[in-house]
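Worksheet: the structure to be examined is printed underneath.
The values are calculated or read from the model by the stated rules, or taken from the named source; none is laboratory data. These numbers were taken from a predicted model, which means no experiment stands behind them. When we count neighbours, we look across all protein chains shown, and the Cβ atoms used for this are built from the backbone with ideal geometry, even at glycine. Areas reflect the complete protein model, heavy atoms only, side chains present, ligands, DNA and RNA absent. Shrake-Rupley method; radii C 1.70, N 1.55, O 1.52, S 1.80 Å.
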Amino acid sequence: MHLSPSVTVAFICCQRRLVRCVRWALLTLVVTLCLGAAQAAETVRVGTFDLSPLVFNDAQGQPQGLFVEVLRHIAQQENWNLTFVHGNWADSLARLQGGEIDLLVSVSHTDERARTLDYSHDAIATDWGLLYKRAHSRLEGMNDLSGARVSVVRNGIYTGHFKRMAEQFD
């Protein structure tokens, strides 16, 4: 096919205009996708409390620990912005149940909690309860606790277990 010079010039002009339009369209698409991705980052409110070395606040008040590092890695992969809310265990659990936070680290499974909470499938770490006494205390076992004052974590998983175990020795 043979094009006259005027048709060739018009075609080249149209082609240049088309290339410019395509460039602008691509640039607009890229900018829109980038802005959309930046805006799509979900904020996840995370409850923390002192359970060092798993989770704690450092001297500057910044959350640290194994659970925090794992969450930061997940957040990077999932495009989450993490907001940490530090408190004690009981208040943090109440915040989770009240919807003030979205996630709470280190929540032991109970049937009662499982009715209202979703648990991860895999545990990162396991913990256990210990009973401490003063250095010169005469307490030697559970039988010696009758009438003694004992401190426990309010709403903690071991509180109920400890109470049931202590009742068996009355």
Accessible area, 1.4 Å probe, largest first: how do Ser137, Ser92 sort?
Ser137, Ser92
Whole-angstrom Cα spans of the stretch 131-170 along principal axes, big to small:
29, 21, 13
Taking 64-70, 129-135 and ranking on average Cβ neighbours within 10 Å, highest first, one gets 64-70, 129-135
Zero-based 5 Å bins, Cα pair distances in the stretch 48-170, whole percents:
2, 8, 16, 20, 18, 13, 10, 7, 4, 2, 1
